[in-house]
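Engineer: Here you go, one structure.
The values are calculated or read from the model by the stated rules, or taken from the named source; none is laboratory data. Small disclaimer: the values here were computed from a predicted structure and weren't measured. Please note: Cβ atoms are built from the backbone with ideal geometry, for glycine as well, and neighbour counts cover all protein chains shown.
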Amino acid sequence: MINLQIGFFLSFLGHILILLMITADFSIFYPKKNTYETISVGFILEKQEELFLKKSSENLFSLKELEVSELKSEEIIEPNNNIVSSDLSIAAKKSLDDLKKQKYKTAISKIQKKFIDIWIKPFVLNEDIQVSILITLAPSGEILSRNLIESSGNKKFDESAMKAVSKINFLQDVSDLSRYDFEKYFREIDLVFKSR
Amino acid sequence: MKRFLIIAIFLMTFNSEARLKIEIAKGTEQLQKIAIVPFNSNINSQFEYQVRNLINEKLTLFGEFESLDLSQMLSFPFNEANFFVRDWELLSIDYVIFGEITETDESLEINYVVSDINLKRIMLRGDISGLKKDIELIVKKISDRVYESITGLKGIFNTKLAYILNPEPDNYSICISDIDGNNEEVLFSSNSPLMSPDWSPDGKKLAYVSFEKGFAEIYIQNLLTGVRETIPTLGMSKSAPVWSPDSKSIAFVISMSGNPDLYNYNLKTKKISRLTSHYGIDTEPAWSPDSKKLLFTSNRSGSPQIFEIKLSNKRIKRVTLEGSYNSRSRFFPDGRNIVFVHGNNGVFHIATRNLKERFINIVTETKLDESPTISPNGHIIIYSAKKDDQGYLAGITLDRKSKFELPVKIGSVREPAWSPFLN
């Protein structure tokens with residue numbers, strides 16, 4: 001009898017644990033207004049104002065919807081500040097989305113510019129070649145590893161890209177992002193150097 | 001069953017998103033920084049200064065490098081033992097060239113090292129010796145090797161340019177000079193016009209057009225002996241000779257009754273075969289690197305355009321599809337790209353095109369650019385430009401589009417022809 005009860009209780013706990021794991025990953029439950037979240041000790045204290053009053057599943061994937069192709073341009077896209085809706089929660093939600101998108105896009109533009117300013121591009125005439133270098137970052141922006149994952153077929157081209165990546169040790173633009181965004185998108189970055 | 005559920009739910013929590021990709025499609029505009037350290041020499045060598053200066057001139061010729069001033073150098077290494085990367089890292093130098101010169105009565109020996117400061121490793125260790133009187137050639141060879149180790153491109157400092165000089169009316173000469181315009185030699189002078197110089201693939205002969213007989217005739221001159229031969233045709237007006245890369249034939253144009261067509265002259269059999277027979281103007285032939293095709297300019301479709309003819313079956317196809325004027329085409333050494341003059345509304349530009357693509361890339365901005373010639377490494381184009389009605393030679397590198405001009409001469413300079421790699 002007792003075994004059955006313990007067994008049932010443990011199984012019940014196990015299921016609750018799994019449920020909590022899932023919900024923690026997707027953040028279904030929102031913390032109250034005016035919560036503070038610290039990122040790393042001694043670095044940045046970030047205030048995240050969550051203005052949501054009720055949960056909404058579409059918000060979970062707001063950043064996921066961003067197409068990578070949108071971010072190819074080097075310009076920083078200004079957020080749309082014209083909020084027409086009179087509903088406060090929708091307006092608040094939009095501006096938070098824009099804020100997140102802008103930070104995300106700003107970080108990418110800045111990273112792009114850093115590499116453009118340092119890359120000595122070798123001569124390739126009227127041809128499309130590209131080399132991919134994978135970098136992993138620490139939340140501070142420090143580049144922890146650099147690995148050539150896809151060669152262009154041109155040794156000098158590959159070498160020039162590796163050289164450019166080796167010259168940079170810190171990408172401090174990622175330190176501005178939320179821990180969540182950092183882990184999801186900026187922990188590992190695929191740098192693609194193209195001939196045109 | 002329970003365990004399976006737990007594992008399945010656990011696995012579902014992992015994200016399977018694509019990694020963030022950041023594309024970088026252009027590089028820095030800044031020049032690479034090089035430092036040429038004074039060479040160590042056994043005697044207080046005046047040649048040291050000369051050698052270093054000449055190497056510096058060559059490497060900075062095309063605007064690709066910025067060289068460090070002597071006054072800013074923190075140390076003067078001459079071998080790997082006294083070379084410290086940090087001294088150069090502090091100055092943001094990319095490459096350092098240092099070494100030793102050993103001098104005897106008549107000869108020089110130079111040991112040099114090229115170090116990559118960013119990768120912190122030696123790129124090249126060179127050793128060259130020769131007679132003092134050949135100092136220019138020694139410097140050219142060193143510059144070539146240094147350039148190759150840095151850029152990966154074959155060096156062209158030992159190549160030559162042939163061109164037509166026209167200092168005053170009724171005074172024409174064919175000249176050759178170094179790439180920077182130095183060491184000019186006159187090959188042939190005439191009171192009648194000279195045109196279209198073209199190099200043989202071994203760099204030992206030059207073909208050109210001369211009007212000394214009263215009509216356009218092609219001459220082949222041996223650069224060493226000065227001996228001149230002609231292509232045997234009976235008094236017909238001939239022009240635009242181009243040597244095939246396999247050295248077997250010379251393609252050219254015969255104007256029979258005012259109708260220019262392409263012909264091919266076999267240098268071994270001395271036979272001439274006809275390639276085109278169209279009532280339009282067919283001229284300006286140019287060989288593909290594999291000697292199987294010729295590009296040429298023709299107005300057979302109404303305006304000057306570039307066509308291609310395959311020598312095996314004489315099949316012709318049109319190459320340029322856009323623009324009202326396209327002419328004077330040349331193949332790049334890779335055989336995949338071409339350079340040509342592209343005209344629109346009286347403005348002419350030098351342009352390049354990948355044959356597999358449709359769009360053209362404009363290379364120059366000045367209005368009256370003509371006669372592009374490509375460096376044997378496919379990296380630089382030299383062409384004739386006009387300033388106040390005087391022709392001069394200008395050049396442009398194809399990656400950075402950095403421009404340079406050759407020293408101005410007295411009179412017009414025209415029709416530059418870049419030599420092949422010379423030994």
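Engineer: Would you confirm, using the coordinates I've provided, whether A:SER140 is small (Gly, Ala, Ser), more than 7 Å from chain B (Cβ to nearest Cβ) and assigned to a helix (DSSP H, G or I)? Spell out the reasoning first.
Structural biologist: Details: small (Gly, Ala, Ser): yes; more than 7 Å from chain B (Cβ to nearest Cβ): yes; assigned to a helix (DSSP H, G or I): no.
Spelling it out, it is not the case that A:SER140 is small (Gly, Ala, Ser), more than 7 Å from chain B (Cβ to nearest Cβ) and assigned to a helix (DSSP H, G or I).
Engineer: Any residue at all in the range A:166-180 that's out of contact with any helix residue (DSSP H, G or I) (no Cβ under 7 Å at 6 or more places or on another chain), over 21 Å from A:GLU127 (Cα atoms), surrounded by fewer than 21 Cβ atoms within 10 Å (Cβ to Cβ) and at the interface with another protein chain (Cβ under 10 Å from one of its Cβ atoms)?
Structural biologist: There is at least one residue in the range A:166-180 that is out of contact with any helix residue (DSSP H, G or I) (no Cβ under 7 Å at 6 or more places or on another chain), over 21 Å from A:GLU127 (Cα atoms), surrounded by fewer than 21 Cβ atoms within 10 Å (Cβ to Cβ) and at the interface with another protein chain (Cβ under 10 Å from one of its Cβ atoms).
Engineer: Right, next: Give just the number: which of (1) more than 8 Å from chain B (Cβ to nearest Cβ); (2) surrounded by 15 or more Cβ atoms within 10 Å (Cβ to Cβ); (3) of a type outside the set (Val, Ile, Thr) does A:GLU183 not satisfy?
Structural biologist: Single failed check for A:GLU183: (2).
Engineer: Oh, and also: Being closer than 28 Å to B:GLY152 by Cβ and at pLDDT below 95 narrows it down to one of B:ILE374, B:ILE338, B:ILE362, B:ILE380, so name that one.
Structural biologist: Numbers: B:ILE374 fails: at pLDDT below 95; B:ILE338 fails: at pLDDT below 95; B:ILE380 fails: at pLDDT below 95.
It is B:ILE362.
Engineer: With the condition kept exactly as written, say whether any residue in the range B:302-321 is within 14 Å of chain A (Cβ to nearest Cβ), of a type in the set (Val, Ile, Thr) and surrounded by fewer than 21 Cβ atoms within 10 Å (Cβ to Cβ).
Structural biologist: Within the range B:302-321, the subset within 14 Å of chain A (Cβ to nearest Cβ) is none.
The answer is no; no qualifying residue exists.
Engineer: Suppose we filter B:ILE164, B:ILE179 for residues that are touching a residue at least 12 places away in the same chain (Cβ under 8 Å), over 23 Å from B:ILE250 (Cβ atoms), β-branched (Val, Ile, Thr) and buried (at least 18 other Cβ atoms within 10 Å of the Cβ); which single one remains? Break it down stepwise before answering.
Structural biologist: Numbers: B:ILE164 fails: over 23 Å from B:ILE250 (Cβ atoms).
So the residue among B:ILE164, B:ILE179 that is touching a residue at least 12 places away in the same chain (Cβ under 8 Å), over 23 Å from B:ILE250 (Cβ atoms), β-branched (Val, Ile, Thr) and buried (at least 18 other Cβ atoms within 10 Å of the Cβ) is B:ILE179.
Engineer: Now for a separate question. Which of the helices (runs of 4 or more DSSP H) found entirely inside the range B:1-120 contain at least 1 residues meeting this: within 14 Å of chain A (Cβ to nearest Cβ)? Working first, answer last.
Structural biologist: Working: elements: B:2-12, B:46-59, B:85-89.
In the range B:1-120, B:2-12, B:85-89 are the helices (runs of 4 or more DSSP H) which contain 1 or more residues that are within 14 Å of chain A (Cβ to nearest Cβ).
Engineer: I want to confirm something. Restricting to the range B:33-75 and keeping residues that are free of Cβ contacts under 8 Å to residues at least 40 places away in the same chain and among the acidic types (Asp, Glu), which single residue is farthest from B:ILE93 (Cα to Cα)?
Structural biologist: B:ASP69
Engineer: Same structure, new question: Based on what the data block shows, is A:PHE193 surrounded by 18 or more Cβ atoms within 10 Å (Cβ to Cβ), in a helix (DSSP H, G or I), within 11 Å of chain B (Cβ to nearest Cβ) and more than 14 Å from the chain's Cα centre (by Cα)?
Structural biologist: Spelling it out, it is not the case that A:PHE193 is surrounded by 18 or more Cβ atoms within 10 Å (Cβ to Cβ), in a helix (DSSP H, G or I), within 11 Å of chain B (Cβ to nearest Cβ) and more than 14 Å from the chain's Cα centre (by Cα).
Engineer: Next question, about the same structure. Run down B:VAL186, B:VAL209, B:VAL253 and say which single residue is over 26 Å from B:SER291 (Cα atoms) and either aliphatic (A, V, I, L, M) or in contact with a Lys or Arg (Cβ under 6 Å, 6 or more places away or on another chain) (or both). Talk me through it step by step, then tell me what you get.
Structural biologist: Numbers: B:VAL209 fails: over 26 Å from B:SER291 (Cα atoms); B:VAL253 fails: over 26 Å from B:SER291 (Cα atoms).
When all the criteria are applied, what remains is B:VAL186.
Engineer: Restricting to the range A:112-125, name every residue that is facing another protein chain (nearest Cβ under 7 Å), in contact with a Lys or Arg (Cβ under 9 Å, 6 or more places away or on another chain) and either surrounded by fewer than 17 Cβ atoms within 10 Å (Cβ to Cβ) or touching a residue at least 40 places away in the same chain (Cβ under 8 Å) (or both).
Structural biologist: A:ILE116, A:ILE118, A:TRP119, A:ILE120, A:LYS121
Engineer: Out of all the residues in the range B:209-228, is one or more loosely packed, with under 13 Cβ neighbours inside 10 Å and touching a residue at least 40 places away in the same chain (Cβ under 8 Å)?
Structural biologist: no
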